[in-house]
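Read-outs: derived from the displayed coordinates by stated rules, not from any lab. These figures come from a predicted structure and were not determined experimentally. Neighbour counts are summed over all protein chains in view; Cβ atoms, including those assigned to glycine, are modelled from backbone coordinates with ideal geometry.
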Amino acid sequence: GESVGLHLPTLSVQEGDNSIINCAYSNSASDYFIWYKQESGKGPQFIIDIRSNMDKRQGQRVTVLLNKTVKHLSLQIAATQPGDSAVYFCAEINDYKLSFGAGTTVTVRA
Amino acid sequence: DSGVTQTPKHLITATGQRVTLRCSPRSGDLSVYWYQQSLDQGLQFLIQYYNGEERAKGNILERFSAQQFPDLHSELNLSSLELGDSALYFCASSVGLAENIQYFGAGTRLSVL
């Protein structure tokens, strides 16, 4: 299933379903955003980025949506797989600094 | 593999001690960043160096310091360690100064006993 709306710290998804991970950012002046995936015992891994002059960007099985009006980012993962189980962070860059959100732990059910 | 190398992977030490964490950036990257990740604080930006010079500072304590050497590797020095300094410390690197994708190393897990 999908989860939309407010940021959730955890998300449980059936394998094969689509996932939506939400993120609210804090600084309206931020103009570059990145989604990272962090698997257990590893460092954050780049997934996809988007600049503020765009509202949508697609990668391989992932789509990022940006709504500047409400300062909201979302990451959509299509056909979620067991290897997608991880913590997902959104991050905004402002004044050279990368600020991370709280993270959403995604668990994929077989 | 991100191409960013951090050593050591694990470090166990006692309160009051000093440790040095090392980071080698990806080949060609001029910027190095340090982050602290703890359970209650999440990922916190500490400091950034670009081509040997400090460029941005975050929530870095005065007991902590860093430098970037001419070969672009970086070291994070943590002194007068406290129990609360136990955390994962990540290094990241990027090509330029800003609005660049940062690639993270696997981290150093510091345990202060």
Q: Could you work out which residue, out of A:78, A:91, A:24, moves most in a Gaussian network model of chain A, that is, has the largest mean-square fluctuation with Cα springs under 10 Å?
A: A:78
**Q.** Radius 14 Å from Cβ of residue B:17, net charge of other residues (Lys, Arg +1; Asp, Glu -1)
**A.** 0
(Q) Order these by the 10 Å Cβ neighbour count, fewest first: A:71, A:37. (A) A:71, A:37
Q. So, counting K/R as plus one and D/E as minus one, what does the shell of residues with Cβ under 15 Å around residue B:64 add up to?
A. -1
Q | Qualifying lysines (Cα of each under 20 Å from Cα of residue B:57; at least 8 residues distant if same chain) | A | A:97
Q) Could you list log10 I(q)/I(0) for chain B at q = 0.13, 0.16, 0.20 Å⁻¹, which the Debye formula gives when each Cα is one point scatterer? A) -0.43, -0.65, -1.01
Q: For chain A, with a Gaussian network of springs between Cα atoms less than 10 Å apart, report the residue from A:87, A:70, A:62 with the top mean-square fluctuation.
A: A:70
Q: Can you give me the P(r) profile for the protein assembly as shown? Cα pairs, bins 10 angstrom wide beginning at 0, each as a whole percent.
A: 8, 33, 34, 20, 5, 0
Q. To the nearest whole number, what is the average tally of beta carbon atoms from other chains within 10 Å of the beta carbons of peptide A:34-43?
A. 4
Q. What ³J(HN,Hα) values, in whole Hz, does the Karplus curve 6.51 cos²θ - 1.76 cosθ + 1.60 give for region A:8-16 when θ = phi - 60°, with x put for Gly and Pro?
A. 10, x, 9, 9, 10, 10, 6, 3, x
(Q) Quick check on the exposure proxy: order A:93, B:12 from fewest to most C-beta atoms within 10 angstrom. (A) B:12, A:93
Q) When Lys and Arg each count +1 and Asp and Glu each count -1, what net charge do the other residues less than 12 Å away from residue A:43, Cβ to Cβ, add up to? A) +2
Q: Tally the DSSP beta bridges in the protein assembly as shown and give the antiparallel ones as a percent, rounded to 5.
A: 90 percent
**Q.** Gaussian network model of chain A, springs between alpha carbon atoms under 10 Å - residue of A:41, A:59, A:83 with greatest fluctuation
**A.** A:41
**Q.** At R0 = 22 Å, FRET efficiency that the Cβ-Cβ distance of residue B:59 and residue A:95 yields, to 0.05
**A.** 0.95
Q | Simple label model, 7 Å out from Cα along Cβ direction - residue A:53 to residue B:13, nm | A | 4.6 nm
Q. Within the protein assembly as shown, which cysteines find no other Cys whose Cβ is under 4.7 angstrom from their own?
A. none
(Q) Can you give me the distance in nm between label points at residue A:78 and residue B:5, each placed 7 Å from the Cα along the Cα-to-Cβ direction? (A) 3.9 nm
